[in-house]
Every structure is written in structure tokens, then in C-alpha cells.
Amino acid sequence: MELPIIIAISVTLTVLLSLLFGNLFYRKKLAKKQIDLDEKYKSMVREAELQAENIKKDKIIEAKEKLLKMKQEFEEEANRKKNQIISNEQKIKQREAQISRELEQLKRKEAEATEEKQNLAVQLEHVRKRKEELDKFNQQKVVILENISKLTADQARDQLIESLKEEAKTKASSFIKDIMEQAKLTATKEARKIVVETIQRTATEHAIENCVSIFNIESDDIKGKIIGREGRNIRALEAATGVEIIVDDTPEAIIISGFDPVRREIARLSLHRLVQDGRIHPARIEEIVAKTSKNIEDEIIETGERTVIDLGIHGLHPELVKMVGRMRFRSSYGQNLLQHSREVANLCAIMAAELGLNVKQAKRAGLLHDIGKVWPEELEKPHAIVGMELALKHKEHPVVCNAIGAHHDEIEMTGILSPIVQACDAISGARPGARREVMEQYIKRLRELEDVGLSFEGVEKCYAIQAGRELRVIVDAEKATDERASQLSFDISQKIEHDMQYPGQIKVTVIREMRSVAYAK
């Protein structure tokens, strides 16, 4: 009985001792693990402090750089404002000096006018005295004549009138008879002449063509998208359309400058579509410009068809209809060519109706008389001859062709419509204020400038921008190297100096762009 108890007590003590030693071992292990964790935590804290210190230093350096950059920008802006203020002050001083000079001139002219007025008063007094002396002399002369003739002045006048009256009656009868016979012969001719002069006096005016177009935008934030990163979007748009895009401080507006109305219209419509779409990048710009150019061609055809329908002209060749539509975007000495041709056609029809001629042929000749001005190719011929050859090519009536070719006396007039077209052209274009020769000369100079650039080998496109102060030349990257592009800018500038006359200086910019395109299928 005692043995099992002893064994149980021994087992119990053994278990208790095992638990005690296990507990001590676990606590020791736990204490060691806690020490390791403390050291690891301290190491992590030190690393975090080092990283925080590095980040703090980087942020301080970045803040200093940003502050320095903002300071530089502020100084540049301040200098720009200062220069602008100085420039404005100089302009104000110049204006004040000019006003002072004008005031001095005005005072001098006023003094001269006062002096002239005084001289005029003296001269008038002298004339009055001379008139009084002349009246006295005439009275004396009348008295002497009355004494000689034994008649008074009234009696002498009555006798002279009676003697001339009979002679005048005889001559008047003969003169009236001659006038009546001449009037019967020329009555119809004079009546028609009066009708023509009436048409000339009632000719309408046309608006002068412009060289800029305004593209309105909803907010100035769109300007940044149009310019693009480092200006790549606006450069792509200018290269594709051949116009100058001016993005300045004008609120909610972008200016499109160029002498060719077709290019300006393509650029305006392309900008409108790009802004509506929102995707503005060089590839998209080229795509939109190509589509817009196609739409403009369709609009040209539609304009030509609408014009011939309005004028009641039928059976006109489609190519001639297209060229009539091109007149919408062409000006002649500042006068819109399509409006001018429509007016000439209507005047020819009225005049032909009054003269009893073929009204339809007259309208046809009036509309087509300047068709040679819109022929896309540059020919060494007058536009009247070019228009006549086009009309002959498309089988127009010989009377119409002769009227087109002879309206500037390049060929002999063989039809009755030819002088009518010439007269109506003069009625529409030669009146004061209808045309502006300066604009035509300006456009001609810009086209000659582009032709100089296109005359060199390897040149793909050439655009005159900034009112002819810059020539942008786009070369084929496969035909011209970078060295050739540099040499080309020098050669073009030298040829411009030798062959052309122009104000100021012209900047020649040669652009060579290499593109590699591949498709993944």
C-alpha cells in the first residue's frame, strides 16, 4: 500500500520538476527572443531615421531648386514687364514729340492763314477800287458813244436786236431741220447708249479680301493643346496647311494668317474639327487636314454648280464648273473673282437683251471671261488666252471663246459679244474702290518667293509665312541629307537676294523630317 503511494508521489514530483525546469527554459528562451526583437526594432528605427533624414535633405534641395527657378521666372517676368514699360514710355515720348511738332505746324499754318486773310482783304479792297474806276470809265465811254451816234444806249440795243432777230430766225430754221434729220437716224443708238451708261452708274461694290482669319475658341486652355509639347502640334499644323498660326494674348481667339484663302479655310476648318474631337497630335492633324482638303474640293464643286444654276447657265463642262467654284477663293486686285464674274455675267445679259442679242451666250461669256486666272498651273500666257484655250478645249461656242480671249485686246474681236464683255468687265472692275492693286502685288511677291524655293532639287513643299518675312522649305528626307539641307537654306537665301526685291529681310528655314512607319498584323 505504501509503495504505490511512494511511486505516485515520485511521479508527481518528477512531473512538477519537469514543469518547473520547462518553465524556466521557456522563460529564458522568451527573454532571449525579446532581446533580439529589441535589437531588430532599434536597427529598424535607425534605418528609418536615416531614410527620413535623406528624404528631408532631398526635399530641402528640391524646394531650394524650385524656389530658385520661381525666382528666375519672376525676375524674367519682371524684366519683361520692365522692358515693356520702358518701350511704352518711349512710344509715349515719341507720340508727345510728334504731337508737339504737329501743334507747331498747326500754329504756323494758322499764322500763315491769318496773314493770307489779311493779304486777301487788301486785295479785295484794291479790286473794289479798280471796279469803281472801271464803272466810271464805262459810263464816260457810253456818254461819248451816245454823243457820236446821236442815240441812247437803249435805242442802239433795240436796233441791234431787231437786226439780229431776222438773221437768227433764218439760221435756226435750217439748224433745226438738220438736227431733226440726224435725230431720226441716231435715236435708237442714243437710247441704247443711255441704257449702257445707266448700267455702269448702278454697278455694285464688293468687299475686299482679307489676309487673316479669326478662329474663336471657348477658353484659353485650348491654346495649350493646339500648341502641343514644345510646339510640335502647331508646327505640324503649319507644315500641313502652309499658313501661320498666331497664338498670342488675344482672348478666346487664334489668328490664321496667309495670303491664300483656300489654305486659310482648310486651316480654320481643321482647327475646328481638332478642337471638337479633343485629340490633337501630329498624326491626327495630318489626317484631319487631308479630310478637310477633300471637303474643300467638294465645296468648290458645289459652289460652281450653285453659281451656274443661279445664273441659268446649262450644259457647262464639269471641269469648267469646278473652276468657277475655285473663283470663290480667288481675288483679282482685292476684288472677289467669283462675285466679279457673276456681276459681269448679269451686266452682259442686260446689255445683250437691250441690244437684241443672245442673252444666254452673253451670260456664259461674262461668267467665264476670267476663268484663266484660276488655272492651277503657272503658264507664260495672259489669263485671257489661257481662258480662251480652256473654253475651246471644252467645246464652248466660238463667239464665247472669242469674247473670253479678246476682253483685254490680246486677240482681235470677231464677235458682237466681245466688246460687250470688255465693257462690262470695265464697269465691274475699273470703278473707284472696287479693286486694290497693292494686295495683288503683295500676293504675287509671295508666290514668286515660294516658286524660288520650289525651283531647287529635293524640295517637297514651300510656304511663305509672316507676310513674306519667312520662307519655310520642307525637303524630302530621302533625297536630301542634313548637310544638303543646311546648304539648301544658304543657296535659297542667295537666290532670293539676287532675283527678288523685298523690304527688310527674309528668314529661310529648311525642315528635314525622317519618318519610319511599320504595321503589326
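The values are calculated or read from the model by the stated rules, or taken from the named source; none is laboratory data. The structure presented is a predicted model; accordingly, all values stated were derived computationally and were not measured. No Cβ is skipped: glycine too gets one built from the backbone with ideal geometry, and neighbour counts run over all protein chains shown. Quick note on the areas: whole protein, heavy atoms, side chains included, nothing else; ligands and nucleic acids left out. Shrake-Rupley method; radii C 1.70, N 1.55, O 1.52, S 1.80 Å.
Here are a few things to note about the model shown:
- Any hit, segment 349-364, residues being touching a His at 6+ places or on another chain (Cβ under 7 Å), within 15 Å of ASP425 (Cα to Cα) and open to solvent by 10 Å² or more (accessible area, probe 1.4 Å): no
- Tallying residues that are in contact (Cβ under 8 Å) with a residue 60 or more places away in the chain and within 11 Å of VAL510 (Cα to Cα) within segment 450-469 yields 2.
- The number of residues in segment 370-387 that are farther than 22 Å from GLU297 by Cα and either in a loop (DSSP other than H, G, I, E, B) or at pLDDT 90 or above (or both) comes to 4.
- Qualifying residue in segment 99-107 (condition: part of a helix (DSSP H, G or I) and under 34 Å from the mean Cα position of the chain (by Cα)): yes
- Selection within segment 389-407: residues that are touching a Leu at 6+ places or on another chain (Cβ under 7 Å) and among the small types (Gly, Ala, Ser). The member of this set that is surrounded by the most Cβ atoms within 10 Å (Cβ to Cβ) is ALA403.
- Test for ILE5: is it surrounded by fewer than 10 Cβ atoms within 10 Å (Cβ to Cβ) and without any contact (Cβ under 8 Å) to a residue 12 or more places away in the chain: yes
- Residue satisfying condition, being touching a helix residue (DSSP H, G or I) at 6+ places or on another chain (Cβ under 9 Å), modelled with pLDDT of 85 or more and more than 24 Å from ARG306 (Cβ to Cβ), within set ALA391, ALA406: ALA406
- Options ARG436, ARG431, ARG445: the member that is surrounded by fewer than 15 Cβ atoms within 10 Å (Cβ to Cβ) and modelled with pLDDT under 90: ARG431
- Count - residues of segment 365-386 that are crowded, with 23+ Cβ neighbours inside 10 Å and more than 19 Å from SER428 (Cα to Cα): 0
- Checked across segment 57-64, the condition of being assigned to a helix (DSSP H, G or I), over 56 Å from the mean Cα position of the chain (by Cα) and small (Gly, Ala, Ser) holds for no residue.
- Residue match in segment 498-517 (condition: among the hydrophobic types (A, V, I, L, M, F, W, C), open to solvent by less than 30 Å² (accessible area, probe 1.4 Å), modelled with pLDDT of 80 or more and within 30 Å of VAL359 (Cα to Cα)): no
- Residue check, ILE35 open to solvent by 90 Å² or more (accessible area, probe 1.4 Å) and of a type in the set (Val, Ile, Thr): yes
- Counted residues, segment 380-415 - those being of a type in the set (A, V, I, L, M, F, W, C), without any contact (Cβ under 8 Å) to a residue 60 or more places away in the chain and closer than 16 Å to GLU319 by Cβ: 6
- Selection status of LEU471, of a type in the set (A, V, I, L, M, F, W, C) and more than 14 Å from GLU450 (Cβ to Cβ): no
- Filtered residues of segment 455-465 (kept if surrounded by 14 or more Cβ atoms within 10 Å (Cβ to Cβ) and either of a type in the set (Gly, Ala, Ser) or not in a strand (DSSP E or B) (or both)): PHE456, GLY458, ALA464
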